[in-house]
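Structure record follows, encoded as structure tokens.
Throughout, read-outs are computed from the coordinates displayed, never taken from laboratory work. All values reported here derive from a predicted model rather than from experimental measurement. Cβ coordinates were reconstructed from backbone atoms using ideal geometry, including for glycine residues, and neighbour counts include every protein chain displayed.
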Ligand SMILES: [Zn+2]
């Protein structure tokens with residue numbers, strides 16, 4: 001009787017323990033379930049925060065810097081408004097002595113862009129009329145050239161540098177470049193070699209005169225269609241990743257204009273994702 005009673009007493013608690021364990025486990029499982037539901041509703045925010053931090057990091061510490069020079073301002077030509085509306089700093093090269101030279105320089109400055117003088121210079125091949133009034137030709141005296149450059153600086157407000165419009169012949173000529181660079185130095189301006197000649201002496205002379213000098217890496221709109229220009233911009237980014245910096249030249253007017261502006265605008269976020277910062281030429285120093 002005692003034995004039976006004992007085994008009965010032992011049997012009951014086992015069952016109770018089993019129910020108890022099952023109930024507790026169910027409560028724990030439900031609790032975990034609720035918790036994980038809560039966590040999954042928090043996780044997307046955490047992910048967004050991480051992405052935002054990465055994006056901030058990319059913006060603060062880019063891998064490379066590019067400057068985009070837009071040539072041939074001064075005519076209020078095709079794409080001028082679209083180019084000025086781009087919300088990254090471009091470098092706007094304004095041809096002096098044109099009806100809209102001052103107008104375009106002021107527009108560019110107000111739009112937050114850097115302004116430089118786009119000096120018309122004699123090419124080996126081409127119509128001298130393309131140079132317009134007061135173009136730099138190799139038959140001019142050094143004094144005449146210096147005077148023209150001084151006037152050009154007055155003609156183009158806010159200019160902090162210069163580059164060449166055409167000039168495959170003039171940029172090969174040491175005397176011509178010496179006259180131009182002397183005046184740029186007096187005005188603390190930099191020079192960009194558009195590299196229209198493989199035999200240009202611009203870099204050599206600028207370094208001799210201790211004037212900041214930069215060289216164009218690529219042209220954007222030799223082929224005037226949006227996919228081709230976008231491809232050039234991607235290439236520009238790749239050069240900057242390799243070398244740290246790179247300069248491209250595009251155009252307003254018939255050589256590029258609105259099409260070039262659209263391509264640049266659409267490629268800005270892509271370049272930024274590549275780790276590229278778009279800066280004015282003066283920030284490449
Ligand atoms: Zn030009």
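Below is a table of values for the structure above.
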quantity	calculated
Extension gain, residue 273 back to residue 147 (0.36 nm per residue minus Cα-Cα distance, nm)	40.8 nm
Base-10 log of normalised Debye intensity for segment 195-285 (one unit scatterer per alpha-carbon) at q = 0.12, 0.16 Å⁻¹	-0.42, -0.71
Potential extension, residue 133-residue 106 segment - 0.36 nm per residue separation minus Cα distance	7.6 nm
Shape of segment 64-284, Cα gyration tensor, a/c cut at 1.5	prolate
Taking all pairs of distinct alpha-carbon atoms in segment 131-260, Kirkwood radius in angstrom	15.9 Å
Inter-label distance, nm, simple model (7 Å from Cα along the C-beta direction), residue 124/residue 258	3.7 nm
Fewest-first sequence of 216, 175, 285 by Cβ atoms within 10 Å of each Cβ	285, 175, 216
Residue exposure sequence - 83, 208 - by fewest surrounding Cβ within 10 Å	208, 83
Amide N of segment 259-285 lying under 20 Å from the label point, which is placed 7 angstrom from the Cα of residue 215 along Cα→Cβ	281-285
Projected label distance in nm at residue 225 and residue 199, using a 7 Å step from Cα toward the beta-carbon	3.6 nm
